[in-house]
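The values are calculated or read from the model by the stated rules, or taken from the named source; none is laboratory data. Quantities reported herein were computed from a predicted structural model and do not represent experimental measurements. Quick reminder, even Gly has a Cβ in these numbers, built from the backbone with ideal geometry, and neighbours come from all protein chains shown. Heads up: the accessible areas ignore ligands, DNA and RNA and are worked out on the full protein's heavy atoms, side chains in. Shrake-Rupley method; radii C 1.70, N 1.55, O 1.52, S 1.80 Å.
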Amino acid sequence: MDVSLFIPCYVDQLAPRVGLASAELLERLGCRVSFDPRQTCCGQPFVTTGALPEAARLARRHLSIFAGADAVVCPSASCVATVRHRYAELVGDADARALAERTWELGEFLVKVLNTSDVGARFPHKVALLESCHGLRELELGWPSERTARAPGMGVTERLLRSVAGLELCALPRRDECCGFGGAFSVDFPELSARIGNAKLAALVGSGAEYVTGTDASCLLHLDGLRRRAARGPAPIHLAEILAARAGA
């Protein structure tokens, strides 16, 4: 399958290893991977701050760049949620809906399109899962606790992690509580953002995990900043990096 990589700003600028791991993993699974360097921000920060004309301009650019892609795969749940749930509202275009149907978060692409949860990864460490808000509630990569009905089964991200050889998944209390980042929220309300993040960090410390993983580099970077200041807590590692890991990791 031909796959176009959609690499978010945070990954491109602050965690490029996540993009490289995504490409390596997809190629290992038989995909023909391409990356268009013209891509820029998907517009998510502009949507969340109410700058809709600017967001719409970025959405149109994104649509033009990925118009011919068979499948667009992105290692960021929040950016995929923006394309899937905001673009049609921003540009009111049938092409936006069509692209939304071809845009996938990395983990859900593996499970739902490639029909695999065991990618041959090995990561012999204790790992806690940070279930980011967008991934959990807008992409349904898991089952949020506010839904009173019984979960229909294991979420996509958890299923992938449980298939990694040697990985021990550590349980968290209030597992789907926000990490406090929230994009522009952390800029507008830094004290509150840090307070929420430190509560999450304390839960991670209590889990005994060596690493914390998730589907959004932005959330992991936020927690890493708090971890380094507190000099405690599990090291951040993106889902793509774990799934790309082989024997000897």
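Across region 80-156, Cα-Cα distances exceeding 21 Å account for 42% of all pairs. Of the options (i) 52, 26, 19; (ii) 27, 23, 17; (iii) 38, 18, 15, only one is semi-axes √(5λ) of the Cα gyration tensor in Å as computed from these coordinates, and that is (ii). Using a simple spin-label model with pseudo-atoms 7 Å out from Cα toward Cβ, Asp188 and Arg61 lie 2.3 nm apart. Kirkwood Rh over Cα pairs of region 1-120 into Stokes-Einstein at 20 °C, 1.002 mPa s: D in µm²/s? For these conditions, the coefficient is 148 µm²/s. Note on region 64-125: Rg/Rh from C-alpha atoms, Kirkwood Rh, equals 1.08.
Charge tally for Ser76 (other residues, Cβ to Cβ under 11 Å; Lys, Arg +1; Asp, Glu -1): -3.
Between His85 and Glu24, the contour length at 0.36 nm per residue exceeds the alpha carbon distance by 19.2 nm.
Run the accessible area of the chain with a 1.4 Å probe and give the carbon-and-sulfur part as a rounded percent. Let's see the in-between values first.
Values: 6010 of 11580 Å².
Within the chain, the accessible surface is 52 percent carbon and sulfur.
Across all Cα pairs in region 168-249, the calculated P(r) in 5 Å bins from zero up to the longest distance comes to 3, 15, 26, 26, 17, 8, 3, 1, 0 percent per bin.
Solvent exposure of the chain, expressed per residue, is 46 Å² of accessible area, with all protein chains present and a 1.4 angstrom probe.
Extent of region 120-177 along its three principal axes (Cα atoms, max minus min coordinate, largest first): 33, 21, 20 Å.
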